1. Taking only C-alpha pairs under 8 Å that are 6+ residues apart, what is the relative contact order of the chain in percent?
2. Checking a compactness column here: for the range 67-126, what do you get for Rg(Cα) / (2.2 N^0.38 Å), N being the number of residues?
3. Can you work out ³J(HN,Hα) from phi for every residue in the range 507-520, in order, using Karplus 6.51 cos²θ - 1.76 cosθ + 1.60 and θ = phi - 60°, giving whole Hz and x for Gly and Pro?
4. For the range 95-121 and the range 363-420, what is the separation of their Cα centres, given in Å?
5. Quick one: what are the phi-derived ³J(HN,Hα) couplings along the range 332-341, Karplus 6.51/-1.76/1.60 with θ = phi - 60°, whole Hz, x for glycine and proline?
6. Need the full-extension length gain, LYS180 to ARG399, defined as separation in residues times 0.36 nm minus the C-alpha distance. One decimal, nm.
7. Fewest Cβ neighbours within 10 Å first, please rank THR363, THR435 accordingly.
8. Does a label point 7 Å from the Cα of ASP109, set along Cα-to-beta-carbon, have any residues of the range 72-92 with amide nitrogen under 17 Å, and which are they?
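Just so you know, all these numbers are worked out from the coordinates, no wet-lab data involved. Computed from a prediction, not measured in an experiment: that's the story for all the values here. Here the Cβ positions follow ideal geometry from the backbone for every residue, glycine too, while neighbour counts run over all protein chains shown.
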Amino acid sequence: MSVVLLKNSCEEKKESFARDSFQDSPEDKVEWSSNINKTTKQTEGFKEDIDWFNLSGINEDSILGDILLIFDSKSDLDNYLKQPNLYGVQLIDPLPSINAVRAKVVDIDKFLASQSLEFGPSKVDRNVKFNSPSPPEQRVLEQEKPFAGEAMNWIGANPDRINRGEDICVAILDTGVDSKHPVLNGLSVKHFSMLSDQINISSAHGTSMASIISGQAEGSLGLAPAAEIISIQVLDEQGEGDAFTVAKGIIKAVDEGADIINLSLGGMEKSRVLENAIDYAKEKEVILVSASGNDGLSALAYPARYEDVIGVSSIDANGRVSSFSNYGNGVDIAAPGVGVLTAWDNDDLAYFSGTSVSSAFVTGALASEMSRNPLLSREEVLSLLYENADETEKPGFDRWTGNGILNIRRVEQREKSGIYDAALVGYYFEPENLTSLGTKPFLVSVQNQGTEWIQNMNLKVNYKGLEKTFRLGNVKPGEVKSETLYFDNGNKKELRVSAQVDIQGMKDSYPQNNSRKSVLMLP
């Protein structure tokens, strides 16, 4: 996360940012590379499971002092817990719901001998670390357009949403939530801590997430203000935690009746205990939403990478994927994540950047839509978000935004007739074409974001002093159509391009997304 603090101000700072108002704004500038606008970091390697039968050569307290034992059945776990000292371990914390226990090895020989027991642990893992996503680098944020106080308008949130989220319970697994913050005044919050018996709200991070999901104040109204919040502290005051504590928090959230669990946290190593907790939530039909991470890596953080967790990436106010946002397998949808106005500590507000806040938008949108459609299944509500997401840059499902960008207006107006909306969604270069010499093809894409078929629209593209005109027809709602153009950059690295799409014979319901001006920086 990255934060710009607004001291002691609970008034929304007004800015003139609006969704897709590219014709009224300076040109958006994007650096294209073979990594597609991502910082050049190498994917962190994943540590393999340790061969626990060779533990005798390991003396690191960080490993032996915090291990996770996983059992095939509850009876095996119960038998093992009767006399743990006989097996060379000191128990730290059991988690019987998923047949796991956190322990410390105090006698390596006894512990190794216990592996041959009929009821011994079937798997042994390190308790890997999890934390709040690291803050995006400032030099990267300088290239992004912030949302300021306009993120809710940008995604099309209904101004009359005070009752959204009614009868829905959202668990926020984080650093705790300060329910006394003015933005959260009146919100129903239950507090739990997985760190100790005493609840200690240690950081603003969780409070920030709660304000996006269920903020109560005028000017800072969340997406689902009527939802009940369960705050479960799983990270300490430095935003650090571990797989077992997060798993324990998931179990607690499910048992407390959560419908959705927001996980604005992550780590780069997988955990079988965490996987088992996710399976526990899935069996109870609880939706999990998690941040993809802020390192610009071609690998998502866990738990966002897991198949049964909704992985959320970040976009800026130009509708472009944030350079800091992790991408790859596991990204399902994107949402605002740059300079978003949220609650912070000490009754303050702040401009928050990172995929943490992006995941909170998706969680809030799910809570809102679930309350509007209580007869729909969890999967049906999730499909509505995906089917009505906006395209961005590359047509179709992709590794940067998954199904596209969250658009609540389209979700809520999906059955309203008479909406004609042609949107210029962006430009796209295939990575392999960027490294080749000579002429480079690129796509200009348009999407029908309305509810009616568009029979006829004109697309005009200006670049290299030329104007190209295309006629597009018979575009069904949600469909994307692209035209291929060519750029021979020679020694030039900069491509200035502008495009405009207009519906012929019908009034466009949302003309502010009809045009776009960009400066594309090529390698």
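1. 17
2. Details: Rg = 9.9 Å, N = 60, 2.2 N^0.38 = 10.4 Å.
The value comes to 0.95.
3. Once θ is set to phi - 60°, the couplings for the range 507-520 become 7, 6, 5, 9, x, 5, 9, 7, 9, 7, 10, 9, 10, 9 Hz.
4. The range 95-121 and the range 363-420 have Cα centres separated by 45 Å.
5. Once θ is set to phi - 60°, the couplings for the range 332-341 become 10, 6, 10, 8, x, x, 10, x, 8, 6 Hz.
6. Numbers: separation 219, 0.36 × 219 = 78.84 nm, distance 3.90 nm.
So the chain would gain 74.9 nm between LYS180 and ARG399.
7. On the way: THR363 33, THR435 10.
Listed from fewest to most nearby Cβ atoms, that is THR435, THR363.
8. Label zone hits: 85-89.
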